[in-house]
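I'd like to ask you about the structure that follows.
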2 protein chains.
Amino acid sequence: MAFDAIETPFGKIDRIVGGSATYVAYAAANFVKPIQQISIIGADFPQEEMTELKARGVRLEGVEIVPDKKSFFWSGRYHLDMNSRDTLVTDLNVLADFNPVVPDSYQGAEFLMLGNLDPTVQLKVIQQLKIRPKLIVMDTMNFWMEIALPQLEEVLKLVDVLMVNDSEARQLSGQFSLVKAAREILSMGPKYLIIKKGEHGALLFQEDKVFFAPALPLEEVFDPTGAGDTFAGGFIGHIAKTKDISFNNMKTAIIVGSAMASYCVEKFGPQRLKEITRKDIDDRIQQFVQLVNFDIELV
Amino acid sequence: MAFDAIETPFGKIDRIVGGSATYVAYAAANFVKPIQQISIIGADFPQEEMTELKARGVRLEGVEIVPDKKSFFWSGRYHLDMNSRDTLVTDLNVLADFNPVVPDSYQGAEFLMLGNLDPTVQLKVIQQLKIRPKLIVMDTMNFWMEIALPQLEEVLKLVDVLMVNDSEARQLSGQFSLVKAAREILSMGPKYLIIKKGEHGALLFQEDKVFFAPALPLEEVFDPTGAGDTFAGGFIGHIAKTKDISFNNMKTAIIVGSAMASYCVEKFGPQRLKEITRKDIDDRIQQFVQLVNFDIELV
């Protein structure tokens with residue numbers, strides 16, 4: 001849970017609430033309650049945001065508030081293609097000493113979503129859980145592959161699903177072909193691998209099975225910040241709601257995640273996620289169905 | 001119909017038969033006969049290749065043979081990502097004076113596939129047809145947008161389906177968003193637009209409708225030469241077989257084209273296309289069905 005300053009070809013915002021856990025929570029809360037949030041914030045994090053999250057069924061006992069420090073702050077500028085960005089500022093602030101504590105009241109959680117963060121922090125959360133969740137999903141990024149690969153590899157052995165983007169899959173595996181990359185990564189621990197390809201959709205791999213989910217062709221991507229986290233939130237939200245961790249249900253969960261992400265990018269920060277209704281989500285999911293639906297008779 | 005010399009990270013071949021029309025014919029002949037080929041070759045074009053094409057139902061009365069000249073020759077080297085390539089040699093040879101003549105025996109053709117070539121040549125073929133085909137499909141490339149845009153725009157007004165890749169769609173429309181690019185291009189004449197995105201699949205646009213077809217995640221792309229032409233051949237082959245030019249059937253045709261292209265890239269030149277059987281094609285199409293198939297109940 002953090003603050004972002006974002007500059008895109010379409011506009012600029014100096015300070016908006018962000019952070020993986022924020023996006024995951026706003027997305028997942030559409031599907032399942034309660035969400036049991038673990039994070040760390042400073043005294044500057046807005047009370048209204050906490051109230052809003054609580055109203056949506058997000059429990060905050062696991063969110064540590066450090067009174068004399070500031071929340072994590074990230075500032076970035078997107079290039080015209082919206083696929084690449086420059087980081088302008090990273091102020092760790094409270095995140096520098098984040099030692100996550102899982103409240104007793106959270107024990108027994110069936111589904112765990114590890115947002116993109118230091119793998120050491122991700123590991124500490126797993127280690128505190130007295131009952132192993134039904135499904136552990138992990139997000140990560142190239143930064144952790146560069147500075148904390150051994151720790152990352154340790155966490156990989158403990159999770160069920162890994163989510164990375166295509167360049168990260170290539171970096172982690174040392175393979176250019178995504179099919180080969182997937183095989184390599186699946187041998188490192190996770191049973192499922194989701195490779196996110198932005199505007200080109202996502203791939204789900206398990207053993208020799210593969211599923212290709214489209215991205216909705218959008219007129220404009222206004223702000224991609226948080227799209228990956230929102231995807232993760234929709235994914236775990238659908239899984240937690242249905243309690244079905246089969247390959248088939250993960251395909252559906254990816255479509256749900258993609259639908260949520262397609263809303264996220266329409267406005268700055270998590271703003272759009274707060275506006276949409278259940279009907280908006282269903283309509284968007286229907287658009288995905290139409291987008292890829294075809295009848296084939298072998299010819 | 002031409003010769004290519006190809007260098008990829010996986011190997012090198014000094015001289016192999018190629019050319020848009022060759023790939024289109026080998027692909028389409030799996031679905032419909034006769035294929036009525038229009039092209040130009042030199043005395044060097046192998047008689048065995050002509051015999052092979054004829055055996056597959058490809059008529060060659062429209063292929064002009066220039067006895068004292070050489071066939072078109074292209075040589076290129078692919079980069080490691082296989083998405084970009086450098087052209088090393090382009091010898092126009094017979095193509096410099098290509099004046100296509102539609103034989104009387106070809107008149108009445110219901111489906112016309114205009115391979116990637118000078119739009120002036122494409123136009124001459126359309127103008128010679130006494131009965132307007134049910135469907136005219138046009139392939140083109142950035143090169144013609146740069147040196148023959150007015151002629152290209154004239155042909156665009158006469159065709160039903162345009163096929164281009166994503167960067168060409170952006171170049172032709174001046175729009176970065178593919179949704180906006182499609183709207184712009186559809187206002188230039190074609191009723192349907194297919195945007196090919198290589199390993200990321202393809203999009204089909206008509207009015208406000210859009211369809212997203214995946215590409216099969218492949219272990220290796222051995223040689224991408226001719227993949228776009230093979231896609232076109234599978235597409236028009238399926239349409240001509242079914243004689244159904246609806247949006248729905250075009251979706252199927254794109255899957256068929258994608259399946260054919262996925263075989264093309266497995267070996268140098270059109271080699272793999274000559275080996276595969278009807279069963280191979282059906283198996284590959286089934287893989288596409290599996291790849292994107294999902295059941296969704298609104299949640």
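FYI, it's all coordinate maths here, none of it is from the lab. Owing to the predicted nature of the structure, the values given are computational and were not obtained by experimental measurement. Don't worry about glycine lacking a Cβ; one is built from the backbone with ideal geometry, like all the others, and counts go over all protein chains shown.
Out of the residues in region A:184-218 that are among the aliphatic types (A, V, I, L, M) and touching a Pro at 6+ places or on another chain (Cβ under 8 Å), state the one that is nearest to A:Asn142 (Cα to Cα).
A:Leu203
Restricting region A:202-236 to residues that are among the charged types (D, E, K, R) and without any contact (Cβ under 8 Å) to a residue 24 or more places away in the chain, which is farthest from A:Lys180 (Cα to Cα)?
Applying the filter and picking the extreme gives A:Glu219.
Then there's this: Scan region B:202-214 for residues that are under 18 Å from A:Phe288 (Cβ atoms) and more than 7 Å from every other protein chain (Cβ to nearest Cβ) and report the count.
Number of matching residues: 6.
I would also like to ask the following. Go through region A:228-244 and give me each residue that's among the charged types (D, E, K, R) and under 16 Å from the mean Cα position of the chain (by Cα). Don't jump to the end; show me each part of the working.
Filtering region A:228-244 down to residues among the charged types (D, E, K, R) leaves A:229, A:241, A:243-244.
Across region A:228-244, the qualifying residue is only A:Asp229.
Take the conditions more than 8 Å from chain A (Cβ to nearest Cβ) and out of contact with any Phe, Trp or Tyr (no Cβ under 7 Å at 6 or more places or on another chain) and apply them to B:Arg272. Does it pass?
No.
Could you look through region A:190-201, keep only residues that are more than 16 Å from B:His200 (Cα to Cα), of a type outside the set (A, V, I, L, M) and crowded, with 17+ Cβ neighbours inside 10 Å, and pick out the one that is nearest to the other protein chains (Cβ to nearest Cβ)? Break it down into steps so the answer makes sense when it comes.
Our first condition is that a residue be more than 16 Å from B:His200 (Cα to Cα); within region A:190-201, this holds for A:190-193.
Next cut, of a type outside the set (A, V, I, L, M) only: A:190-192.
Restricting the remaining residues to those that are crowded, with 17+ Cβ neighbours inside 10 Å gives A:190, A:192.
Values: A:Pro190: 17, A:Tyr192: 15 Å.
If we take residues in region A:190-201 being more than 16 Å from B:His200 (Cα to Cα), of a type outside the set (A, V, I, L, M) and crowded, with 17+ Cβ neighbours inside 10 Å, then A:Tyr192 is nearest to the other protein chains (Cβ to nearest Cβ).
Being among the acidic types (Asp, Glu), part of a helix (DSSP H, G or I) and touching a Gly at 6+ places or on another chain (Cβ under 9 Å) is the requirement here; does A:Glu168 meet it?
no
Hey, could you check region A:275-286 for residues that are facing another protein chain (nearest Cβ under 9 Å) and out of contact with any helix residue (DSSP H, G or I) (no Cβ under 7 Å at 6 or more places or on another chain) and say which is farthest from B:Phe211 (Cα to Cα)? Explain how you work it out, then say what you get.
Initial filter on region A:275-286 (facing another protein chain (nearest Cβ under 9 Å)): A:281-282, A:285-286.
Those left that are additionally out of contact with any helix residue (DSSP H, G or I) (no Cβ under 7 Å at 6 or more places or on another chain): A:282, A:286.
Numbers: A:Asp282: 19, A:Gln286: 13 Å.
Filtering first and then ranking leaves A:Asp282.
Something else: Just for region A:171-181: of the residues that are facing chain B (nearest Cβ under 8 Å) and assigned to a helix (DSSP H, G or I), which one is nearest to the chain's Cα centre (by Cα)?
For region A:171-181, the residue satisfying everything is A:Leu178.
Turning to a different aspect of this structure: What's the total number of residues in region A:51-78 that are touching a strand residue (DSSP E or B) at 6+ places or on another chain (Cβ under 8 Å) and either polar (S, T, N, Q) or free of Cβ contacts under 8 Å to residues at least 12 places away in the same chain (or both)?
Of the residues in that region, 3 qualify.
Scan region A:254-284 for residues that are assigned to a helix (DSSP H, G or I) and either closer than 15 Å to A:Pro217 by Cα or not aliphatic (A, V, I, L, M) (or both) and report the count. Full working, then the answer.
Here is the first cut: in region A:254-284, the residues assigned to a helix (DSSP H, G or I) are A:254-264, A:271-275, A:278-284.
Filter again for either closer than 15 Å to A:Pro217 by Cα or not aliphatic (A, V, I, L, M) (or both), leaving A:255, A:257-264, A:271-272, A:274-275, A:278-280, A:282-284.
Residues meeting the conditions: 19.
Still on this model: Just need a number here: residues in region A:183-227 that are outside any strand (DSSP E or B) and under 19 Å from the mean Cα position of the chain (by Cα). Let's see the steps before the verdict.
Step one: filter region A:183-227 for residues outside any strand (DSSP E or B), giving A:183-191, A:197-201, A:207-208, A:214-227.
Now narrow it down to the ones that are under 19 Å from the mean Cα position of the chain (by Cα): A:185, A:190-191, A:197-201, A:214-216, A:221-227.
Qualifying residue count, region A:183-227: 18.
All but one of (1) in a loop (DSSP other than H, G, I, E, B); (2) at the interface with another protein chain (Cβ under 8 Å from one of its Cβ atoms); (3) touching a Leu at 6+ places or on another chain (Cβ under 7 Å) hold for A:Phe294, so report the exception by its number.
(3)
Out of all the residues in region B:204-219, which are surrounded by fewer than 15 Cβ atoms within 10 Å (Cβ to Cβ) and touching a Phe, Trp or Tyr at 6+ places or on another chain (Cβ under 8 Å)?
B:Lys209
Ok, one more. Say whether the condition of being of a type in the set (Val, Ile, Thr), free of Cβ contacts under 8 Å to residues at least 60 places away in the same chain, within 23 Å of A:Glu207 (Cα to Cα) and surrounded by fewer than 17 Cβ atoms within 10 Å (Cβ to Cβ) is met by at least one residue in region B:280-289.
Yes, because at least one residue in region B:280-289 is of a type in the set (Val, Ile, Thr), free of Cβ contacts under 8 Å to residues at least 60 places away in the same chain, within 23 Å of A:Glu207 (Cα to Cα) and surrounded by fewer than 17 Cβ atoms within 10 Å (Cβ to Cβ).
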